[in-house]
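The values are calculated or read from the model by the stated rules, or taken from the named source; none is laboratory data. Computed from a predicted model, the values in this text were never measured in an experiment. Neighbour counts are summed over all protein chains in view; Cβ atoms, including those assigned to glycine, are modelled from backbone coordinates with ideal geometry. SASA here: full protein model, heavy atoms, side chains in, ligands and nucleic acids out. Shrake-Rupley method; radii C 1.70, N 1.55, O 1.52, S 1.80 Å.
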Amino acid sequence: MRYNFTGFTEKGNEALNNAILSAERFGHTYIGSEHLLLGILMTGSGAAFSILSENGVTLSEVERLVTDTVGRGVPTKLSPEHLTPRAKRV
């Protein structure tokens, strides 16, 4: 399912939806700041993506770090209600 977040650009909406998909794919029960970072990297373009890329941040490396740090579970279904308080502030 694709969500339309108000007050965000098209790229922002894409990144948020990618974050949800990322958390689901990792089998996590929440959407945290690490998923937001993955969501930005998954867009493949835009200002935030460019800044991260120019500084050597890659999708594969962040995915590896998330796996090593948080682990993986069974893929699940999440919604914007699963955003952590920190992710909401970000």
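Counting only Cα atoms, I'd like the Rg/Rh figure for the chain, Kirkwood definition for Rh.
Expressed as Rg/Rh, it is 0.94.
I'd like to check one number: the per residue accessible area of the chain, probe 1.4 Å, reported in Å² as a whole number. Don't skip to the end; give the middle numbers.
Details: 5510 Å² over 90 residues.
It amounts to 61 Å² per residue over the chain.
Which FRET efficiency value, to the nearest 0.05, is calculated for residue 47 and residue 25 with the Förster distance at 30 angstrom and r the Cβ-Cβ distance?
Rounded to the nearest 0.05, the efficiency is 0.75.
Using a 1.4 Å probe on the protein heavy atoms, what percent of the accessible area of the chain belongs to carbon and sulfur? Display every interim value, and only then the final one.
Numbers: 3190 of 5510 Å².
Of all accessible area on the chain, carbon and sulfur atoms account for 58 percent.
Using a Gaussian network for the chain with springs between C-alpha atoms less than 10 Å apart, which of these wobbles most: 16, 36, 78?
Answer for the Gaussian network model of the chain: 78.
Each label point is 7 Å from the Cα along the Cα-to-Cβ direction; what then is the distance between the points at residue 76 and residue 5, in nm?
In this crude label model, residue 76 to residue 5 measures out at 1.9 nm.
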